[in-house]
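The values are calculated or read from the model by the stated rules, or taken from the named source; none is laboratory data. As the structure is a prediction and not an experimental result, all values here were calculated from the model. All Cβ positions, even for glycine, are placed from backbone atoms using ideal geometry, and neighbour counts span all protein chains on display. Ligands, DNA and RNA are stripped out before the accessible areas are found, and what is left, the full protein with its side chains, is counted by its heavy atoms. Shrake-Rupley method; radii C 1.70, N 1.55, O 1.52, S 1.80 Å.
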Amino acid sequence: MREFDTCKFAFDGKFNILEEKDIGISADIASLLTPFGSVSAMKCFQACPYTNTAFDFNVILDGEKIKSDGWKWLPNAIKRWGETKLFSVETITVVVPASRSVIQKITVRSKATCDITVPLSVAFRGKSRKEENWEFMFPSPEPLGRLTYELKNNILSLANNGTAFRLTSSLEGMRLFGRAYLWENEITVKQNEETVFYFSAHLGDENESLKEAESTQGRYEELIALSFDYLNKEARRIEENLPTLKSDCEDLDRLYYRSLVSYILCRWENPLLCTSPFFSNGGVNGACMCSYLWDYAGGLMLHPLYDVEGNKAQMKAYLRNDLTKSFALNPVTSGPVGPWYPINQEKIILMVYYHILNTKDRDFLFETVGDMTVLEWMKYHAYVGDDLSGEVKLFDYGTAGDAHLELHH
């Protein structure tokens, strides 16, 4: 896990200016919030089209929720550490690629002058569902109320209309205190030694999530390694396709690579989405999983270099919707989101222009999307609001145009 120190996209928490609600990790299907003030807290588990916004997880050791003394972040993982008088705690939390699973590795190191037995409780809540409406806000949480979780074969589960939320642990003999939503045990830490154990969380289809939970048991380290393999693969994708930057200003270098991290955080290889890969405008907390054309077009000169076929698929998905009546793309339905945003006509034309300029793929103009070729779509959007039979004149956007054009009110 040297990536915490060597990866260009690593971030040391001591430089952080973000709030806890904005710190999360993701892989190609799932994402998770990881509050940095806690060593072990996990929240807001998302795996579009499955959601568990109300997910809440924290490990209580010796009666304490351990506060974090520091943390390091990667797009797919976070390392946090803290301590008490008797022991120190380090956690590594990762999102497992090609799955709707997260794993947390916990290492407790003794500071005591004798062997110690440490009471352990996992405080948990969560309820999953399938959701088609992914727009600007994160999916609303499922009402929790009084819920009954089932413990079987060391897997804690809650099924809900064909979906499920599950937890696993490497610790044998975990006991469920269902009324208090606590999963309990104790660990022994020998003097001057350490104890390592794992938890995992899963959501999605009821049957598939059970298979993932069962498959995770006994394979925690293997799946953590798989997550770092995923990170290295995505870092190579960026390095091999996009320009590198090395200047005499380290801050400028860091800013450049910090901007490129979106190609990992917002790239989803999920067969349940309308395109794969799908490029969202956010996602670590489930918000902005839709794709706003204006935002995606911010990288219109880089996208054709980074992923030729992925960029083409994304543009075609936009064109299938009526961009005179919508401004974003729903990742699940491929349908339109929101009202007309007039700037989108300029953006889709520029995106196609720079794609062809950088790839020399002129044949793209003659590929069919819906009932028209890409070239016909370009003409259609170029003439929006124009009356070709009359004189040239300014277009009246009406009173709604104040908001659409972001004019001063």
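Net charge dipole, the chain: roughly 920 debye, given to the nearest 20, about the Cα centre with Cβ charges of +1 for Lys and Arg and -1 for Asp and Glu.
Estimated translational diffusion coefficient (Stokes-Einstein, Kirkwood radius over Cα pairs, 4 °C, 1.567 mPa s) of the range 310-368: 108 µm² per second. Note that the range 219-333 shows a convex hull volume over its alpha carbon atoms of 137 Å³ per residue. Its relative contact order, with pairs defined as Cα atoms under 8 Å and 6+ residues apart, puts the chain at 14 percent. As a length-normalised measure over Cα pairs under 8 Å and 6 or more apart, the relative contact order of the range 317-408 settles at 22 percent.
Given a cut-off of 38 Å, what percent of all Cα-Cα pairs of the chain lie beyond it? Of all Cα-Cα pairs in the chain, 29 percent lie more than 38 Å apart. Per-residue SASA remark: Trp268, around 0 Å² accessible (1.4 Å probe; ligands, DNA and RNA not included). Look at where the Cα atoms of the range 276-344 and of the range 136-199 average out, and the two centres are 36 Å apart. Per residue, the Cα convex hull of the range 19-156 amounts to 133 Å³.
How large, in percent, is the carbon and sulfur part of the accessible surface of the range 302-396 at a probe radius of 1.4 Å? About 56 percent, which is the carbon plus sulfur part of the accessible surface. Can you give the calculated 222 nm mean residue ellipticity of the chain, where each DSSP H run of n ≥ 4 adds -39,500 (n - 2.57) and the sum is split over every residue, rounded to the nearest 500 deg cm²/dmol? The per-residue figure over the chain is -7000 deg cm²/dmol. Accessible surface for the range 274-352, divided over its residues, is 31 Å² per residue with a 1.4 Å probe. Residues in the range 1-138 average 39 Å² of solvent-accessible surface per residue, probe 1.4 Å, ligands and nucleic acids excluded. The Kirkwood radius of the range 252-396, taken over pairs of alpha-carbon atoms, gives through the Stokes-Einstein law at 10 °C and 1.306 mPa s a diffusion coefficient of 99 µm² s⁻¹.
Taking the range 97-162 on its own, what percent of its Cα-Cα pair distances exceed 14 Å? In whole percent, the share of Cα-Cα pairs in the range 97-162 beyond 14 Å is 77. List the trypsin sites (Lys or Arg not before Pro) within the range 90-166 that DSSP assigns to loop and that have no more than 15 neighbouring Cβ atoms inside 10 Å. Here the trypsin sites (Lys or Arg not before Pro) that fit, given the DSSP loop and packing criteria, are Lys111, Arg146.
Using 19 Å as the cut-off for backbone N distance, which residues of the range 28-44 belong to the label zone defined by a point 7 Å from the Cα of Asn160 along Cα→Cβ? Flagged as within label range: 30-34, 42-44. Among Gly385, Gly126, Gly335, the residue with the largest mean-square fluctuation in a Gaussian network model of the chain, with springs joining Cα atoms closer than 10 Å, is Gly385.
Using all pairs of distinct alpha-carbon atoms, the Kirkwood hydrodynamic radius of the range 254-315 works out to 12.0 angstrom. D by Stokes-Einstein for the range 159-228, Kirkwood Rh over Cα pairs, 4 °C, 1.567 mPa s: 93 µm²/s. Counting only Cα atoms, the range 51-119 measures 44, 23, 18 Å along its principal axes, largest extent leading. The value obtained for the range 133-259, namely the Cα convex hull volume divided by the number of residues, is 230 Å³ per residue.
Taking trypsin sites (Lys or Arg not before Pro) across the range 188-226, the ones in a DSSP loop with at most 13 further Cβ atoms lying within 10 angstrom of their Cβ are Lys190. Principal axis extents of the Cα atoms in the range 1-78, from largest to smallest and rounded to whole angstrom, are 36, 32, 24. For the range 180-264, calculate the relative contact order in percent as a whole number, restricting contacts to Cα pairs under 8 Å that are 6 or more residues apart. Across the range 180-264, relative contact order equals 15 percent.
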